[in-house]
Amino acid sequence: MALIKTLFFVLIAEMGDKTQLLAAALASKYKVRDAAVGIFIATVLLNIIAVLLGSSIGNLIPMNLVQIFAGALFLAFGFMTLRDEKEEEEEIKETKFKLPNFIVVALAFFLAELGDKTQIMAFTLAAQLKSPISVLIGSVIGMFIADSIGFLFGRFAVQKMPEHYIKIGAGIIFIAFGLLTLYQSVTFLQNPAILGLVIVVIFLAVYLMKFKKK
């Protein structure tokens, strides 16, 4: 059955993937409801694109630009997560417009998974099995289950560990994703000297934000 086969393959492919780790990181920042809605929205959109457009998506969207934007967004998420709660509360009070949390989660997942191996797998299975609806349903369920497991693991960690350390870990994960994405998309960052300099600058910024005594 196409649905079961797709669900199984996508679930296995997604286990341990970057978006599952991303889900765990988001657990320290967002409520279960916001994460569940955001992950579901992103999962549905990603797999609709995979099933309907497949490999032609690269001709419609400049993937390199998408990856650069995603990398920058992950870096922003990382530094936002590392901010002190007082600073975050003050900024929220001063900001008149703020995206709903579930949309922020959906955007993060969409950009992280766009063009990833599970999306490519969904396209391939749709072409092989000649059953796009079954492949769509199976891939959505498989991806949602895997990423929900990651989120629940993150929630468990939040309950067992001090929130301060959880936020530091989540922020570092976001920053690492951002650096990796930019490294793969921006040619000059593949120069070891430039990459090393960028890492040092980010490390100093993190140190000043979270570890340097005031």
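The values are calculated or read from the model by the stated rules, or taken from the named source; none is laboratory data. All of these numbers come straight from a predicted model, not from anything done at the bench. Here the Cβ positions follow ideal geometry from the backbone for every residue, glycine too, while neighbour counts run over all protein chains shown.
From the list 181, 187, the one residue that fits, being hydroxyl-bearing (Ser, Thr, Tyr), under 17 Å from residue 72 (Cα atoms) and surrounded by fewer than 17 Cβ atoms within 10 Å (Cβ to Cβ), is 187. For the stretch 187-214, which positions are modelled with pLDDT of 85 or more and not in a helix (DSSP H, G or I)? 191, the sole residue that qualifies. State whether one or more residues within the stretch 13-32 are within 24 Å of residue 129 (Cα to Cα) and crowded, with 18+ Cβ neighbours inside 10 Å. Yes, the conditions are met somewhere in the stretch 13-32.
Of the helices (runs of 4 or more DSSP H) lying entirely inside the stretch 1-110, the ones with 1 or more residues being modelled with pLDDT of 70 or more and among the basic types (Lys, Arg) are found at 2-14, 18-26, 32-52.
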